[in-house]
Structures are given as C-alpha cells and as structure tokens.
1. Need pairs with beta-carbon distance below 7 Å; first residue in the same structural domain as Gln41 (by TED's automatic domain parsing) and within the range 1-21, second part of a loop (DSSP other than H, G, I, E, B) and loosely packed, with under 10 Cβ neighbours inside 10 Å; sequence gap 6+ or separate chains.
2. Among the residues of the range 4-40, write down those that are in contact with a Pro (Cβ under 7 Å, 6 or more places away or on another chain) and surrounded by fewer than 11 Cβ atoms within 10 Å (Cβ to Cβ).
3. So how many residues does the range 44-66 have that are modelled with pLDDT of 75 or more and either touching a helix residue (DSSP H, G or I) at 6+ places or on another chain (Cβ under 9 Å) or loosely packed, with under 10 Cβ neighbours inside 10 Å (or both)?
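The values are calculated or read from the model by the stated rules, or taken from the named source; none is laboratory data. All values derive from a computational prediction rather than experimental measurement. Virtual Cβ from ideal backbone geometry, glycine too; neighbours counted across all protein chains shown.
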Amino acid sequence: MLSTVTSKGQVTIPKPIRDALGIAPNDRVTFIQEGKRVLLQPVGTLKSFRGTVKTKGPDSFAEERTNAKAAVAGRNKEESE
C-alpha cells in the first residue's frame, strides 16, 4: 500500500493496516528501524490489558482494592514509627 509523506512528516496509516493492527484514533505507535526498513507497532496501554486477568467474582475487585489500601496503610504506619 502506498502513502504520501506530508510537508510536516506525517503519513496516513491505510485503513486495512489500522484494522489489522487494531489501531484506533489517539492510540500510540512506535517505529522500529531495522536497517533501511521501518516497522510500525502499536503500543499497548494499561487500558488495553483490561479484562485479561480473571477475577474471583464481581465483588473481588473492590475486595482486592480494600486489601491493597490496608497493606499500603500498614507499610506507611511502620515507616513513620
């Protein structure tokens, strides 16, 4: 597929490539240079990992958050003593 570089150095990624790589507006990509070749790779964000880890149930996130807060509070208390 052919694309043109603008005077600002911008290139439009063709829609079939965006679709194949799952690139949406405001997503970040990285360019990897290999000799005279350049690879474009989507950059995953924390949001892109959402739902990849199974939880124990619908309430387990709130429970885990409460436990994490208690652990941090305990460490802070120990450090301040």
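1. Note: pairs meeting the criteria are Val11/Val5; Pro14/Met1; Ile17/Met1.
2. Across the range 4-40, the qualifying residue is only Gly22.
3. Matching residues across the range 44-66 total 1.
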